[in-house]
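The block underneath contains the structure these notes are about, expressed in structure tokens.
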């Protein structure tokens, strides 16, 4: 399946570096400078589009026609606080000679008190999500630098046209790279390329892209 990803507000602005993941097959690709991508998929698969600073979008494929996807920017809105007056106590710096250390009061739910999260949990989850997306984008960039046609051809000495099928079928996922740090790309390429060559000819091919309407 092919498509393009754009900014939802400025729809002529293509988004580069969007991680397009097929949740069904675990395949993942990254959009180029024109926002274009091509990913193995079939009807019924789920695709997600993720980019730091944008809301992640998920679509269910009812057909394999080329699609334009528009991502909305992620905005965190804070409630306004109006300060009307201030007052500074003249006794602010005065020390009480009879003062004793204050006893810490536990306001946890076990003591019947009220614990105010003030939205911290939601903010923390949002921060964690943004960090995960940023990490995924960095890893996808690393994968693109270490798993591309030039690197693979140099390693395995194979220059046939169907090398693109191998790259599309065996591109490492973010989870694979995260599970092994540092990720051994040389070993991975050598192992998976040998595995790919042992497949029957029909199994070594990516599914054909659908033809556009009106094309012969």
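The values are calculated or read from the model by the stated rules, or taken from the named source; none is laboratory data. Just so you know, these numbers come straight off a predicted model, no measurement behind them. Using ideal geometry, Cβ is built from the backbone for each residue, glycine included, and neighbour counts are taken over all protein chains shown.
Laid out as a table, the results:
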item: Candidate set: the stretch 148-174, residues that are closer than 19 Å to residue 21 by Cβ and touching a helix residue (DSSP H, G or I) at 6+ places or on another chain (Cβ under 6 Å); chosen: the one surrounded by the fewest Cβ atoms within 10 Å (Cβ to Cβ); result: 170
item: Residue in the stretch 69-88 that is surrounded by 10 or more Cβ atoms within 10 Å (Cβ to Cβ), under 22 Å from residue 173 (Cβ atoms) and at pLDDT 90 or above present; result: yes
item: Count - residues of the stretch 32-46 that are outside any loop (DSSP other than H, G, I, E, B) and in contact (Cβ under 8 Å) with a residue 40 or more places away in the chain; result: 1
item: Of all residues making up the stretch 1-17, the number that are within 23 Å of residue 75 (Cβ to Cβ) and crowded, with 20+ Cβ neighbours inside 10 Å; result: 2
item: Selection status of residue 139, touching a helix residue (DSSP H, G or I) at 6+ places or on another chain (Cβ under 8 Å), surrounded by 13 or more Cβ atoms within 10 Å (Cβ to Cβ) and modelled with pLDDT of 80 or more; result: yes
item: Single match in 114, 92, 118 (criterion: modelled with pLDDT under 90, within 26 Å of residue 52 (Cβ to Cβ) and exposed (fewer than 11 other Cβ atoms within 10 Å of the Cβ)); result: 118
item: Criterion (free of Cβ contacts under 8 Å to residues at least 24 places away in the same chain and either assigned to a strand (DSSP E or B) or exposed (fewer than 14 other Cβ atoms within 10 Å of the Cβ) (or both)) met by exactly one of 20, 62, 29; result: 62
item: Residue in the stretch 172-184 that is touching a residue at least 24 places away in the same chain (Cβ under 8 Å) and over 16 Å from residue 138 (Cα atoms) present; result: no
item: Qualifying residue in the stretch 121-135 (condition: outside any helix (DSSP H, G or I) and modelled with pLDDT under 80); result: no
item: Residue 211 closer than 22 Å to residue 40 by Cα, at pLDDT 90 or above and not assigned by TED's automatic domain parsing to the domain that holds residue 31; result: no
